[in-house]
Amino acid sequence: MTATPQPQPSNARITLTVNGEESEVLFASYKTLLEVLREDMNLPGTKHGCELGECGACAVLLDGQPVLSCLVLGVECDGRQVETVEGLMEGNELHPLQEAFADLGGAQCGYCTPGILVTAKHLLEEVGTPSREQIREVLAGNLCRCTGYLQIFESVEEAVVRCGERKADS
Ligand code: FES
Ligand code: FES
C-alpha cells in the first residue's frame, strides 16, 4: 500500500532589515514574525509567551512602532524594518535602559524584559521624559510575573536620567 502524499507547507522568501542589517530569509509561509526571528534568523531574544497577543513578551519595533510579533505574519514584513532587543546596544555600550534594568532589579527572571525594553525604548524616543503614568500606560500590555512592576517603572525613569547624562557627555 502506498502512503498518501501529505501537503507540504509552502515557503516564502522576503527581504527585511533587522537591527540595521538587511537579510533575505526563507521560511514556511504560515510563520509569524516571532517564529521567523527566532527560528529562521537565529534571534532568540524576542520571547514566546502566550502567542495570543496578551502578554507582550514578543514585542518588537516594526517600522519604528511597537508590535506584538506573535500577531504579525512574516510574509507581511517584506521590505520592512524590524528592531529587536538584540539591536538595543549602542556600539559597545549597553543602552541606558539595559543598564538601568540590570542595576535596579527591573529584570528578574528576564522573560518579559526584551518586550519591555523595546516598548520603553520607543516611549523614550517619542516622549523624551515620560511621566510615571505614561510609563505605566505604555507598559500595560507587558506582563511580568516577577517584579511587581515598581522596579520596572523605576528602571525606565533611571534610564531617562542616564540618556540625558549620555547626551550631555557627547
Ligand atoms: S507572545 Fe505575543 S503577546 Fe504573548
Ligand atoms: S522579570 Fe520575570 S516575568 Fe518579568
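Quick note: the coordinates plus some simple rules give every number you see, no bench work behind them. Note that the structure is a prediction, hence the values are computed from the model and not measured. A quick note on method: Cβ atoms are made from the backbone with ideal geometry, for glycine too, and the neighbour counts reach across all protein chains shown.
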Worksheet item: Arg136 versus Glu22, label points 7 Å from Cα toward the beta carbon: distance in nm?
Response: 4.5
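Taking loop as defined by DSSP and a crowding limit of 16 other beta carbons within 10 Å, which GluC sites (Glu not before Pro) in segment 1-109 fit?
Numbers: sites: Glu21, Glu22, Glu24, Glu35, Glu39, Glu51, Glu54, Glu76, Glu83, Glu86, Glu90, Glu93, Glu99; in loops: Glu51, Glu54.
Qualifying residues, ordered by number: Glu51, Glu54.
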Worksheet entry | ³J(HN,Hα) computed for each position of segment 91-101 - Karplus, 6.51 cos²θ - 1.76 cosθ + 1.60, integer Hz, glycine/proline x | x, 8, 9, 5, 5, x, 5, 5, 4, 5, 5
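For the chain, just say rounded, prolate or oblate: build the C-alpha gyration tensor, square-root its eigenvalues into a ≥ b ≥ c, call rounded for a/c under 1.5, and beyond that prolate if a/b exceeds b/c, oblate if not. Let's see the in-between values first.
Working: a/c = 2.64, a/b = 1.88, b/c = 1.40.
Because a/c hits 1.5 or more and a/b exceeds b/c, the chain counts as prolate.
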Discussion item. If each DSSP helix of 4+ residues adds -39,500 (n - 2.57) and the sum is divided by the residues in the chain, what number results at 222 nm, nearest 500 deg cm²/dmol?
Written reply: -9500 deg cm²/dmol
Discussion item. Using Cβ contacts closer than 10 Å as the measure, can you line up Phe101, Phe153 from fewest to most?
Written reply: Phe153, Phe101
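Sorted from fewest to most neighbouring beta carbons within 10 Å, what does the list Arg38, Arg13 look like? Can you show the working numbers first?
Numbers: Arg38 20, Arg13 11.
Going from sparsest to densest Cβ surroundings: Arg13, Arg38.
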Worksheet, complete the sentence: Length-normalised contact order of segment 96-169, Cα under 8 Å, at least 6 apart, in percent, tallies to 51
Worksheet item: Separation of segment 87-153 and segment 28-61 by C-alpha centroid, Å?
Response: 19
Worksheet item: Compactness ratio of segment 11-83: Cα Rg over 2.2 N^0.38 Å, N = residue count?
Response: 0.97
Worksheet item: From the residues Leu94, Ala59, Ala120, which one has its Cα farthest along the dipole of the chain in the positive direction, the dipole being from +1 and -1 charges on Cβ of Lys/Arg and Asp/Glu about the Cα centre?
Response: Ala59
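Give me Rg over Rh for segment 96-169, both radii from the alpha carbons and Rh done the Kirkwood way, two decimal places. Intermediate results must be reported in sequence, preceding the final value.
Working: Rg = 11.2 Å, Rh = 12.0 Å.
Rg divided by Rh gives 0.94.
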Item to complete: Quick one: dipole size for the chain, taken about the Cα centre, charges +1 on Lys/Arg Cβ and -1 on Asp/Glu Cβ, in debye to the nearest 20.
Response: 420
Worksheet item: Considering the dipole of the chain built from charges on the beta carbon (Lys and Arg +1, Asp and Glu -1) around the Cα centre, which of Gln6, Val138, Tyr149 is farthest to its positive end?
Response: Gln6
Worksheet entry | Cβ-placed point charges (K, R +1; D, E -1), dipole of segment 51-125 about Cα centre in debye, nearest 20 | 120
